[in-house]
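A quick write-up on the structure given underneath.
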Amino acid sequence: MYKSVSLTASNGVEIIKLLSEKLDTDIEKENNEYCVSIPEELGSGHVKAINFDNGISVIEADMLLNKSFRIRFKKDKLNPLVLLFNTESAVTHRNSSTAKKKKIECFESLMFSNDMKDHNTLTIQKGKPTSFLKIYINRKDFEEKLEEHVDNMNHDLETLFRDVNGVNLFSYSGHYTLAISEAIDAIKNCDTEGLVRSLFIEAKTYEILTLHFMQYSDDLNDPKKRQILRRSTIEKIEEAATLVKNDIATNFSVNQLAKEVGLNQNTLQSGFQHLFNCSVNDYIKEKRIARAKELIENSDLNITQITYSIGINSRSYFSKLFKEKYNLSPNEYLKQVRKDRSA
């Protein structure tokens, strides 16, 4: 069973006001922030919105519904450029011009604009925690700000913004970056009030826009030439690092580790460089030597046993790596530890 509403609005605060009417619930207003609480018969949670200068507005939603909710956004005087960043359970977007449904999973984003034909629909499923951030850009109001930067703007991005009345259908989706995720979390967790809160959210909104437009420009490149790591890619790199730490004795090759987490070797290498400031092989060595130090301190194993337990087959090679890291040979460190134990 669905709860459905239709809204004709082009910015966040207008949407909140209409949503309040449709759901027959009050608006809570604090400074320039408007909030509607989800009525009990529909579920729990809230939808908040703030309008800023230059045609920018932001909606932050967090809810758990007991019936699925479909919001139909009808065209107002013009079509805004809309960016949706999903942070929890999947939501579904549908554009009436193409009739195609697009499922937006956790950590995915959708940037879109309707053509002049009608509307788009957002469907939120019941029984699933749902959280997303939505940014609206009135390109006509944003045009003055655009002129300050147009000389350095990517051609495709400029074309998108020059469609000030929103007459062209546009859609771009993908996993957003870790930096965007952190900025969204900062907005959701902001606990300041008044002017400071408003300024903080506005600054973070522009940060998200900047990062997202950089990502959009980067995605226009050949995949092999992309330089920005996506959130989903970073999670896979972290998964690879966890595999290494949890199975330190396995002699993972870069190719094997990349296949395990579903990345190509180049992406895995660049990801380790980005996250850990070292190559995959250097990361493995680092974790092995750190594990060996723990075993020397906390076990009764001898150096040969420790060497094999961390996946190194040469005792001399292990000694070399250990001394480079700690300025002592494994034997010297073992004697020091056991002396300290007996003291």
Quiz item: By how many degrees, between 0 and 90 and to the nearest 10, does the Cα long axis of helix 280-298 differ from the longest principal axis of the chain?
Solution: 60
Quiz item: Direction-averaged shadow area of the convex hull around the Cα atoms of segment 1-57, nm²?
Solution: 4.2
Quiz item: So which residue, out of Ser314, Ser37, Ser109, gets the largest mean-square fluctuation from a GNM of the chain using Cα contacts under 10 Å as springs?
Solution: Ser314
Quiz item: GluC sites (Glu not before Pro), restricted to segment 31-122: which are DSSP loop and have at most 15 other Cβ atoms within 10 Å?
Solution: Glu40, Glu41, Glu105
Quiz item: Gaussian network model of the chain, Cα springs within a sub-10 Å range: biggest mean-square fluctuation belongs to which of Ile16, Ile184, Ile312?
Solution: Ile312
Self-check item: Karplus 3J(HN,Hα) series, Hz, for segment 258-273 with 6.51 cos²θ - 1.76 cosθ + 1.60 (x for Gly, Pro)
Solution: 4, 5, 4, 10, x, 10, 7, 4, 5, 5, 4, 5, 5, x, 5, 5
Quiz item: When Lys and Arg each count +1 and Asp and Glu each count -1, what net charge do the other residues less than 13 Å away from Ile284, Cβ to Cβ, add up to?
Solution: +2
Practice problem: Report, to the nearest whole %, how much of the accessible area of segment 1-58 belongs to carbon and sulfur atoms, 1.4 Å probe, protein only. | Solution: 41
Quiz item: Is there a pair in Lys48/Lys126; Lys102/Lys128; Lys259/Lys323; Lys74/Lys204; Lys17/Lys74 whose C-alpha atoms are over 23 Å apart, and which pairs would that be?
Solution: Lys259/Lys323; Lys74/Lys204
Quiz item: What are the residues whose amide H is under 5 Å from the amide H of His119, where those residues sit 5 or more places off or on another chain and H is modelled from the backbone?
Solution: Ser96, Ser97
Quiz item: Which value, in Å², gives the accessible area per residue of segment 85-147 when a 1.4 Å probe is used on the protein heavy atoms?
Solution: 42
Exercise. Roll a 1.4 Å probe over the protein heavy atoms and report the accessible area of Asp282 in Å², nearest 10.
Key: 80
Quiz item: Which far-off residues, 5 or more places away or on another chain, put their amide H under 5 Å from the one on Ala9, with H placed in the peptide plane?
Solution: Lys74, Asp76
Self-check item: the chain - mean residue ellipticity at 222 nm from DSSP helices (-39,500 (n - 2.57) per run, n ≥ 4, rounded to 500)
Solution: -14000 deg cm²/dmol
Self-check item: Degrees between helix 194-219 axis and first principal axis of the chain (Cα, 0 to 90, nearest 10)
Solution: 70
Practice problem: May I ask you to order 316-325, 287-296 by the average number of other C-beta atoms within 10 Å around their residues, highest value first? | Solution: 287-296, 316-325
Quiz item: Considering only protein heavy atoms, what is the solvent-accessible area of Arg94 at a probe of 1.4 Å, reported in Å² to the nearest 10?
Solution: 80
Quiz item: For helix 315-326, what angle does its Cα long axis make with the longest principal axis of the chain, in degrees from 0 to 90 and rounded to 10?
Solution: 60
Practice problem: Quick one: work out the % antiparallel among DSSP beta bridges in the chain, nearest 5. | Solution: 90
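The values are calculated or read from the model by the stated rules, or taken from the named source; none is laboratory data. Everything numeric here is computed off the predicted structure, so don't read it as measured data. Quick reminder, even Gly has a Cβ in these numbers, built from the backbone with ideal geometry, and neighbours come from all protein chains shown. For accessibility, only protein heavy atoms count, side chains too; no ligands or nucleic acids. Shrake-Rupley method; radii C 1.70, N 1.55, O 1.52, S 1.80 Å.
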